1. Using Cβ counts within 10 Å as a stand-in for footprinting exposure, how do 204, 86 rank, fewest first?
2. For residue 376, what is the net charge nearby, where nearby means another residue's Cβ is under 15 Å from its Cβ and Lys, Arg count +1, Asp, Glu -1?
3. For segment 378-459, give the magnitude of the charge dipole about the Cα centre (Cβ charges: +1 Lys/Arg, -1 Asp/Glu; no others), in debye to the nearest 20.
4. Measure up 238/377; 293/357; 459/630; 93/133; 457/630 against 22 Å on the Cα-Cα distance and list the ones that go over.
5. Between residue 123 and residue 505, what is 0.36 nm times their sequence separation minus the Cα-Cα distance? Round to one decimal in nm.
6. Using a simple spin-label model with points 7 Å from Cα along the Cα→Cβ vector, what separation in nm is obtained for residue 164 and residue 234?
7. Sorted by mean Cβ packing within 10 Å, highest first, what order do the peptides 480-491, 71-82 take?
8. Show me the ranking of peptides 304-311, 104-111, 464-471 by mean Cβ neighbours inside 10 Å, starting with the highest.
Amino acid sequence: MSSPSPEKPNDPQSPPPRFPKRPPSGDEPPRGPSIPWFPIVVIVAILVAVYLWMRSPGRQGSRVDYSFFEEQLRQNNVEEVAFHGDILTGKWKKAPKDPESDAELDEKFNTRFPERAAQSVHDALMARDEKGKRKYDVKVKAEEGGTNLGATLFLWLLIPLVLLGLFLFMMRRTADPMGSGMMGSFIRSTAKRFYAAEQRTTFDDVAGMDQAKQELTEVVEFLKNAAKFQRLGAQIPKGVLLIGQPGTGKTLLARATAGEAGVPFYSINGSEFIQMFVGVGASRVRDLFRTAKENAPCIIFIDEIDAVGRMRGAGVGGGHDEREQTLNQILSEMDGFLPTESVIVLAATNRPDVLDKALLRPGRFDRHVTISLPTKKGRVGILKVHTRKIPLADDVDLEEIAGGTIGFSGADLRNLANEAALNATRVGKSRVEMDDFETAKDRVLMGPEREHLLNEKEKRMTAYHEAGHALLAWLFPEVDTVHKVTIIPRGRSLGVTQLSPDEERFNIGESRLHSQLAFIMGGRAAEKMIFDEYSAGAEDDLKKATELARRMVAHWGMSEVIGPVAFRQVEEHPFLGKEYHEHREFSDETARIIDTEVQNFLTRAADSAQKTLARNRDKLEELVVALLDKESLGRNDLEEILGTRKSQEMVETTAG
């Protein structure tokens, strides 16, 4: 899948348009850029000047003093001379030696005689004796031209002309057709334009996202045949906001929409509107929308719109004037669209909660399309797209890989396929095999392996820590299945217990959350049971458990003491100034009760983990022995040690 390239201006000698015009015929891409004549002329002129300077009389032969020349003249060692203003060049009959270095001089020489002494020097060379015979047998020539013509031209003529020409060139390049002068290119929109003929991406190239593509089908139909909707008085949404986690394919979907519709596509990032000078962003917005209207039907795509579309009035001091003026201009331009203007604005963000409400109201971004993480079917399609150019071995099963990558985004799957190809290349394989995908998955989820820096005690403590996690995950059917447990340091962790969900979940119950808390506390409980002390290695476990317990108590109403009430907990600060001025929505007494309940949840989880490990001490020891021996255990290894794991369905059937 080739990436479209932005259009370039055709004539660098003339003021470029805000955006290149349409191709002369149909959707044929524009011709390539013309030759930059002005820089070439400047370079050639400089080379000519340097050549003339090198050829100037003062650069010919050895430089000697005028007194040395007179001495050689008296010795009749001068064969010929030529006058060049106050510079005299010539040729020795026999190359003399330098009186200072005693080195032989060149055959030719040049010297500068005293100022206004040309006539006296000439008379001396042409002097005759009493018999009328010339005193010196020297051939004398005189050439027109000032002293050091090349250097003089270079210093006094060429450099000012070059600077003047460069200034005029920059003035013409930055001239704004709307009369903005040299600031034209600075306030002009930097959006990249892609022609319809360059759009190689369509909905067929976008795997998964069936619901999102269905939402955008109407946009495509409107751009192709606007009269079909206008006949019944229908109006297509002016703006479509694509919402999704990073890496889910929002930009790809926008490009595919333009490619499917076959219209020009203007792409810009929200941060490109913002500059240090107030008003520049608003000017760029006006320029972008004016050009889009001139080239309708077309699509404007603003990526990361939260960079410019954040809520106004937020932040310490009332916000950023330049950002707010830019946002106001975007709101004004979107409000000014006529119903007959076939210009659709697509925008993408992963932070819809921080966007200004005026941007989301009907009449601007009317339609909000949520792009979720791909399902198993979508992941299979994405893997097929990203493995088109990768030679796969016969044992590679994309269905199995997709089943084991629940929660992966499209970007994650692309990275997985690339890491697998890199791993196969690293070990010298001709095809990518299934174990390469497993290695790539471990690298993506757990990080690359580090050097073994642990001593025996630390290694043994890490083994008990990870064995505690793995055993509890195996014994609690509500927790996801253990895919791999390792004591090899990876990333920033000394050991990792990797879980693999058996199915995709969109909701979670209270019992599963309590089991999850016990699983998280399992490593710490195992350390306390064996070594009778806690270690600093459980810091990340405590952080995750505390965040989960606080959400259970304050957000999800899972505490009998607190009751079915949700209390606002400010954990993220998208607007520092706004949060700074807001008051807490509950009293200090309620905050104390929430903290107490969070402690109770974590204490019960730790007690449950410790009791479960104590009842299965023999299994824990077997796991530790196997980990110290192999360092990494897969699901099959765990089944040999712990037996068949009971699933949640088996537990519910037995209880029934």
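Since every read-out is calculated from the coordinates, none of them should be taken as a lab result. Predicted, not measured: the structure shown is a model, and the values here were computed from it. All Cβ positions, glycine included, derive from the backbone under ideal geometry; neighbour counts span all protein chains shown.
1. 204, 86
2. -4
3. 420
4. Long pairs (Cα-Cα over 22 Å): 238/377; 293/357.
5. Separation in residues times 0.36 nm, less the Cα-Cα distance, equals 126.6 nm.
6. Result: 6.5 nm between the two label points.
7. Most protected by this proxy first, the peptides run 480-491, 71-82.
8. Highest to lowest by the protection proxy: 464-471, 304-311, 104-111.
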